[in-house]
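Beneath this line is the structure, given in C-alpha cells, with notes to follow.
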Amino acid sequence: MKILICGKGGSGKSTISALLAKEIAVRENRVLVIDTDESNFGVHMQLGMGKPDDFMNYFGGKKVLFEKTKRLREKWKTDDLPDEYIIEKGNIKLMAMGKIYDFGEGCACPINALTSKFLEVLELSANEFLIADTDAGVEHFGRGVEEGCDLIFAIIDPSRESILLAEKISKLGQQVNKPVYYVLNKVNKEIEKELLGSIDTNRIAAIIPEDKNIFKSNLAGAELDFYVKGIKELANLVTR
C-alpha cells in the first residue's frame with residue numbers, strides 16, 4: 001500500500017509518518033518512507049536515522065529533472081533503489097526527495113513531478129508499504145502526486161485552518177477516487193469534543209493525544225522510540 005500523509009504546515013505530518021512507519025515495520029513489514037516536504041528536515045531524526053542524499057541528485061538535480069523523469073518509465077522495485085540515496089534501519093528505508101537548499105533555486109514543481117512519476121512506477125511486493133510525507137498544503141494534488149497512491153491521511157491539528165484544509169483534501173481525494181481519512185493530532189480532552197463537532201467523524205482513522213514526550217523529542221532532534229496512543233489503530237487500518 002502507498003500512503004500519503006497530507007496537511008498544513010506544523011500539523012504533525014512528519015511525526016505521524018515516522019510513528020506509523022515504525023509501527024508497520026515492527027509487524028514484520030518492509031516500509032519505504034519518502035520525505036518530500038521541502039521545508040522540513042526532521043523526519044530522519046524522528047526515525048533515528050541519518051539524512052539521505054536527495055534522490056533528485058540521482059537525476060542530475062532540478063535543472064535537468066523534468067527531462068530525466070520523462071524517461072522514468074520502467075517499473076522499479078524497492079530493492080532496485082540506488083543504495084547511495086537510501087538510509088536503512090531494520091525494516092525501514094528512508095529517501096529524501098526535493099529539499100530546498102539554496103536561495104533562489106526554484107519552485108516545488110520539479111519535486112512534485114518526480115514524486116508523482118516515482119509513485120507511478122514503483123511496484124511494492126507483499127508486506128511492503130510506502131509512506132510519503134508530503135509538503136504542506138495541496139499543491140501536490142495539482143501536480144498529480146496522489147494519482148499513484150492508495151490511501152491519504154489528512155492530519156488535523158486543533159485549528160480552523162487545518163480543518164478547512166482537511167475538507168479540501170477530502171474533496172480533491174474524491175476527484176481521483178482515493179480514500180481520505182482524518183487523523184486528529186495534538187488533541188486534549190478539552191478540545192476533542194469541539195473538534196469532533198467540526199468534521200465528518202466517519203472519516204476519522206485515529207485520534208493522537210497531545211504528548212509532551214513528542215514535543216520534547218522533536219525539540220531535541222531525538223528518535224521517537226516510545227508508545228503513542230492512536231498509532232496502533234492507524235496501522236491496523238492499513239495492515240488489515
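Throughout, read-outs are computed from the coordinates displayed, never taken from laboratory work. All values derive from a computational prediction rather than experimental measurement. Here the Cβ positions follow ideal geometry from the backbone for every residue, glycine too, while neighbour counts run over all protein chains shown.
Couple of notes before you dig in:
- Nearest-0.05 FRET efficiency for GLU123 and ARG240, computed from C-beta distance (R0 25 Å): 0.70
- Net charge over other residues, Cβ less than 10 angstrom from the Cβ of VAL43 (K, R count +1; D, E count -1): -1
- Protection-proxy order for peptides 54-60, 16-22, 225-231, each taking the mean of Cβ atoms within 10 Å per residue, highest first: 16-22, 54-60, 225-231
- In segment 130-240, Cα pairs under 8 Å separated by at least six residues give a relative contact order of 21 percent.
- Gain in span if fully extended, PHE41 to GLU194, counting 0.36 nm per residue against the direct Cα distance: 51.9 nm
- Efficiency of FRET from Cβ geometry, ASP53 and GLU210, R₀ 30 Å, rounded to 0.05: 0.30
- Sparse packing (at most 15 other Cβ atoms within 10 Å of the Cβ) combined with a DSSP loop state is found for the following GluC sites (Glu not before Pro) in segment 1-44: GLU28.
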